[in-house]
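Heads up, the thing below is written out as structure tokens.
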Amino acid sequence: MVLLSTSDPTGIAYVQTINLDGESNLKTRYAKQETLSKTPEKEKVNGFIKCEKPNRNIYGFQANMEIDGKRLSLGPSNIILRGCELKNTAWAIGVAVHAGRETKAMLNSSGAPSKRSRLETRMNVEIIILSIFLIALCSIVSVFAAIWLRRHRDDLDTLPFYRRKDFSEAKPKNYKYYGWGWEIFFTFLMSVIVFQIMIPISLYISMELVRVGQAYFMIRDGGMYDEASNSRFQCRALNINEDLGQIKYVFSDKTGTLTENKMEFRCASIWGVDYSGSKGDLQSEQVAHEVEVDGMIFRPKMIVRTDPELLQLAKVGRESQRGKHVYDFFLALASCNTIVPFVVDTPDPSVKLIDYQGESPDEQALAYAAAAYGFMLIERTSGHIIIDFWGEKQRFNVLGLHEFDSDRKRMSVILGCPDKSVKVFVKGADTTMFSVIDRTLNKSVIQTTEGHLHSYSSLGLRTLVVGMRELNNSEFEQWHFAFVDASTALMGRAALLRKVANNIESNLRVLGASAIEDKLQQGVPDAIESLRMADIKVWVLTGDKQETAISIGYSSKLLTSKMTQIVINSNSKESCRKSLDDAIVMAKKLTSGSIVSHNMEGSSGAVITPVGLIIDGTSLVYVLDSELEEQLFKLASMCSVVLCCRVAPLQKAGIVALVKKRTSDMTLAIGDGANDVSMIQCADVGVGISGQEGRQAVMASDFAMGQFRFLVPLLLVHGHWNYQRMGYMILYNFYRNAVFVLILFWYVLFTCFTLTTAINEWSSMLYSIIYTSVPTIVVGILDKDLSKRTLLKHPQLYGAGHRQEAYNSKLFWLTMVDTLWQSVVAFFVPLLAYWNSTIDAPSIGDLWTLAAVILVNLHLAMDVVRWTWITHAAIWGSIVATWICVVCIDAIPMMPGYWAIFHIGGTPVFWWCLLIIVIAALVPHFVVKFIYQYYFPCDIQIAREAEKFGNLRGHGAIEIEMNPILEPHQR
Amino acid sequence: MADRGGTSSGGGGNGAPELAKKSRKPKYSRFSQQELPACKPILTPGWVITAFISIGVIFIPIGLASLFASQRVVEIVDRYDRDCIPRNVSDDGVGFIEDAKANKTCVRTLTVQKQMKSPIYVYYQISNFYQNHRRYVKSRDDKQLWSPKNERSSSDCKPEDFTSNGQPIIPCGLIAWSMFNDTYKFSVKDKVLEVNKKGIAWKSDREHKFGSDVYPKNFQSGALIGGAKLNSSIPLSQQEDLIVWMRPAALPTFRKLYGKIEVDLEPNDNITVIIENNYNTYSFGGNKKLVLSTTSWMGGKNDFLGVAYLTIGGLCLFLAISFILVYVLKPRPLGDPSYLSWNRNAAGHLN
């Protein structure tokens, strides 16, 4: 909708676009001056709007409007999109240009890509194996049935238990017999029906339930609640919980993810002088600058630390040469932005807070800083700004504004000052600024500023360079003409405007530089340290420049002094290839290290120098989507840290895809901004930070949380648990169903292959519903192999997920062998014990049912690590429930097995059978488990023992290393 | 605000914003933080060895006891299906058994090896008879057996459901139709041994499953006679042979109780059995055996459980001993961090 007029006399409408891009701050939309005065209720407004075709770009709009014979340009700031909410604006009138499905909001809605967990994908392979096994079982039965029918084909008519022919009529005809082929076919189908629980359909349901339970615990984890944003952990995708336990690569955004994205103005370099706030008198300077206007005190919302010397200079004003520069500098900071000041009421009616709302947190920080030094931006309209300069209001006409774009990496504003001079203020990134600065002027200033910039960015501060130029009339006229022309152009307006901007942003005088601290989020260095110890590779992909990225890398412990850095900055494909080749050679030399020693046991230790790779966006342009990808991956896989700086959003996704394509390792992407969305969707697991930069990332993510450091409990604790639980649950479900099916199968061999089941039909139905389902779900949700403390203390334990310890084909086959043994014991012990006896089918069926249920539940009980009362209730409760069900079924006189359980239960043989089945079936599992745990312990096992016996307490690195020496002496 | 007040009822309008402002911090509970008190058993060597020893110690006596009980059971098994066919037709068993005029009486002499205390159970054992065949198992109707109201109830019984003129057959189905009809008469030293045929079926079946007012009707009246005929003046609940037969056997070789002899038999007694060899097992190659057996607390004669218990008990003891040996020879301190995989390399490096 193109705005025509609003309730605001200046034609401003404030909108909130939380539904569109998730940003909660207010944005301003302007009605054109020419349409402001028109009131459609009273007069007819005639006009003609020409606009581009509907598209999904919510940040762009190009159109022009002809009204009263004038052609006006319309841009994204003149329209209100569907889904926006008007705030602080009573009404707005506009012309709808796109409607219905053509609106940008509708065009942007797309389904999230569906993700499937790695474990589930692997599980499907095993399910196929089980299916083959099932088909094999059915085929065996069919073949045997065929052979039997063939051999008895002459007897079938009168066989007392077959009776093919119905002799009640004169001419005997076949009864329920459709020929040899059909009988075999029916046998096959029937065997599929009887054995179908081999394929654990209920497993999928249990997995979903378990995931819901796991999600509940993740959400409820008090350790992952962020006080500051009042946000809990959010589980947005329910089917990849267990993938969290196998993450090998973490791709992290920097801004807002590693850092808080709360910018704080730290220091400035003005005209070659460095003003870094001294530390001694912080408290005294904390008093915020206040301005009294019309009896009201205005106070900026955020308090900025100020440098007293600079404050003094700013106060003195333009008298001295130095003061003039300071004045210009802060004027630039206060004006060269798109900040909108809001006046917020406080409990004290005479005090008003000024809240700066803007799109970029850097600008906010700078505006607050300017306000702290007395340059308070009070009002902004499309035509002018009012700046309060130490109580004196000054009005500047905004003649033109060249917005920030990522190509120029700078923005400029052309101000008409009260003294009628026209000045252009430019601020931008240092690399692009120095190319437009007139280097002939004040060489020393430029040099010292560059020096300051370097020292700032090595402190991890974000730097911006501010420059200005006074325009003379002809220059201004020339620019104005070009600007108006460009901004009403319909085709290629952006390019034209950029050209205009480039023209005006030249030969600048450097005013100084500002440095903003991008505060690291709480606990980031520790988190990264933990992740690294867990053998997770952390890649940082940031749009920041290399120095900032590296400095953040150091401050977040990503890079350490021990590390060798390989930097790749190339401007062409060839140089890129060359530097990659060199880097690979070097990395090989460093990482292979020198094998230091061989000892008697034959284990070897190697000293490895960790390598950090730093690569920038320009190089990546040449690398991605070319054959160099392979090399980059080879190199990157040798490096423990990879920092990519100056990368575009799509490149982020490209890097994630690069790793995902080439390894089977799991990738996780974490980010908070709209620029991370592509990366989050591309990675196996996407984590969104509900931070400052809006909610797009959260919307696209699978999990969302408040802070980066929650990644550690998420992966190391919950991920580990989820993986262990899910892996065990899948195996156990395979085992549980296969035991039952095999018992049925063995019996079929004794029934002429006709698929009679001694086990009651109800029992076989209830088997996976009531008898055995609850314990696996409870264990899948509640079992914890290790406590949270241990897992956090020893991040290396996360390696179990990397090594796929909880679920792999070896375990699968072991389980299947165990299954075979257990089913054989459970079936043949009663069979032989009741051989040549009067036992009837329902009775022995009850025995088999109970044996199978007790067996699988005890098997589970043996593998449970933590017994809480819920686990006890589930396991023993299931066994009791089974007994009750069996008794109930046998108490129905209409069932063939009426009273069977009471009869067989009255004989001691029944009980001796149950006892020996359970013990004999579980002995191999128990022995193997014990031998593995005791003689080939995995890390988890040792940690578990340590947890129980407290050996790990207080073991520092030295003590750990001393243990093997002390041990032989003690023995 | 006025609008919102309108939509929410009464004073609720004030509460809503307050709730929204409330901290979303998850409430602490031991459950939601997964910190429920729990016991975490670990397989320590001591624990495992104790478990194995105790299994061994418990199982071996059980095994010995049941083996002993099984050995004390005296059992006489006599296969008579082949020998009860006259020599001249020995290769045509089916023809002989289907010949209604042939004399099927057969006399067997059994010698008692050991003293048999009463009650002595008389069983017939049939092999190769698939009473668990799907077609066979389903061919019965429990409702019909239970109440005369349901006499026409079922079609499961086909082809033995209705006579050719549409009268219901009671009891219907293949199971009843194929009822065993050999009879045995026992005598020792010309003195008749009474066989008590009361109470051979389950009490529960007699009282609740087979109706006391359901009488056999049109039974074995078809063209093909499968087995025994029933006295149609006796209700089903008292036809104990039928009730026994109607409990489908689990396995193709099965025994069914024929009756009880309630006198002791002394060693070297010669029992003369007069068998009416009526039942046709020849058509499916099954054999028939007559079994006289005493019982013990473990049931009939079956050494399997005793042997199994002894085997498992022995195995567990053996495992316990080998674990003790290995434990003494090559112990591993539990929970020693130096065994952790990431410490092992470092440790190796030090040595």
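Here is how the numbers come out for the structure above:
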| quantity | calculated |
| --- | --- |
| Test: residue in the stretch B:300-322 that is within 11 Å of another protein chain (Cβ to nearest Cβ), assigned to a loop (DSSP other than H, G, I, E, B), closer than 28 Å to A:Q933 by Cα and free of Cβ contacts under 8 Å to residues at least 12 places away in the same chain | no |
| Residue in the stretch A:461-472 that is open to solvent by 40 Å² or more (accessible area, probe 1.4 Å), over 30 Å from A:L520 (Cβ atoms), assigned to a loop (DSSP other than H, G, I, E, B) and at pLDDT 80 or above present | yes |
| Test: residue in the stretch A:941-948 that is at pLDDT below 85 and either more than 8 Å from chain B (Cβ to nearest Cβ) or loosely packed, with under 13 Cβ neighbours inside 10 Å (or both) | no |
| Test: A:F188 is buried (at least 16 other Cβ atoms within 10 Å of the Cβ), under 18 Å from A:Y747 (Cα atoms) and either at the interface with chain B (Cβ under 10 Å from one of its Cβ atoms) or without any contact (Cβ under 8 Å) to a residue 12 or more places away in the chain (or both) | no |
| Verdict on B:F210 being of a type in the set (F, W, Y), away from chain A (no Cβ under 14 Å) and surrounded by 19 or more Cβ atoms within 10 Å (Cβ to Cβ) | no |
| Boolean, A:I889 is more than 8 Å from chain B (Cβ to nearest Cβ) and at pLDDT below 95 | yes |
| Where A:I917 falls short, out of the listed (1) over 17 Å from A:S763 (Cα atoms); (2) within 8 Å of another protein chain (Cβ to nearest Cβ); (3) buried (at least 23 other Cβ atoms within 10 Å of the Cβ) | (2) |
| Odd one out for B:G286 among (1) at pLDDT below 90; (2) more than 20 Å from A:N836 (Cβ to Cβ); (3) open to solvent by less than 20 Å² (accessible area, probe 1.4 Å) | (2) |
| Per-region count, the stretch B:40-79, residues open to solvent by 70 Å² or more (accessible area, probe 1.4 Å) and facing chain A (nearest Cβ under 8 Å) | 0 |
| Residue match in the stretch A:442-458 (condition: assigned to a loop (DSSP other than H, G, I, E, B), assigned by the TED database to the domain that holds A:D362 and in contact (Cβ under 8 Å) with a residue 60 or more places away in the chain) | yes |
| Scope the stretch A:786-836; condition within 12 Å of another protein chain (Cβ to nearest Cβ), over 18 Å from A:F750 (Cβ atoms) and touching a Phe, Trp or Tyr at 6+ places or on another chain (Cβ under 6 Å); matching residues | A:Q796 |
| Wholly enclosed strands (runs of 3 or more DSSP E) of the stretch A:239-305 bearing at least 1 residues open to solvent by 50 Å² or more (accessible area, probe 1.4 Å) and at pLDDT 70 or above | A:259-270, A:273-276 |
| Residues of the stretch B:220-253 that turn out to be part of a loop (DSSP other than H, G, I, E, B) and within 13 Å of another protein chain (Cβ to nearest Cβ), as a count | 15 |
| The one condition in (1) farther than 16 Å from A:P896 by Cα; (2) surrounded by fewer than 17 Cβ atoms within 10 Å (Cβ to Cβ); (3) within 14 Å of chain A (Cβ to nearest Cβ) that B:K185 fails to fulfil | (3) |
| Residues that are hydrophobic (A, V, I, L, M, F, W, C) and either more than 15 Å from A:I781 (Cα to Cα) or more than 14 Å from chain B (Cβ to nearest Cβ) (or both), drawn from the stretch A:213-250 | A:M224, A:A228, A:F233, A:C235, A:A237, A:L238, A:I240, A:L244, A:I247, A:V250 |
| Helices (runs of 4 or more DSSP H) contained entirely in the stretch A:478-566, each with at least 2 residues that are of a type in the set (S, T, Y) and open to solvent by less than 20 Å² (accessible area, probe 1.4 Å) | A:546-555 |
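The values are calculated or read from the model by the stated rules, or taken from the named source; none is laboratory data. For clarity, every value in this text was computed on a predicted model and none was experimentally measured. Every residue, glycine as well, gets a Cβ built from its backbone with ideal geometry; the counts of neighbours run over all protein chains shown. SASA here: full protein model, heavy atoms, side chains in, ligands and nucleic acids out. Shrake-Rupley method; radii C 1.70, N 1.55, O 1.52, S 1.80 Å.
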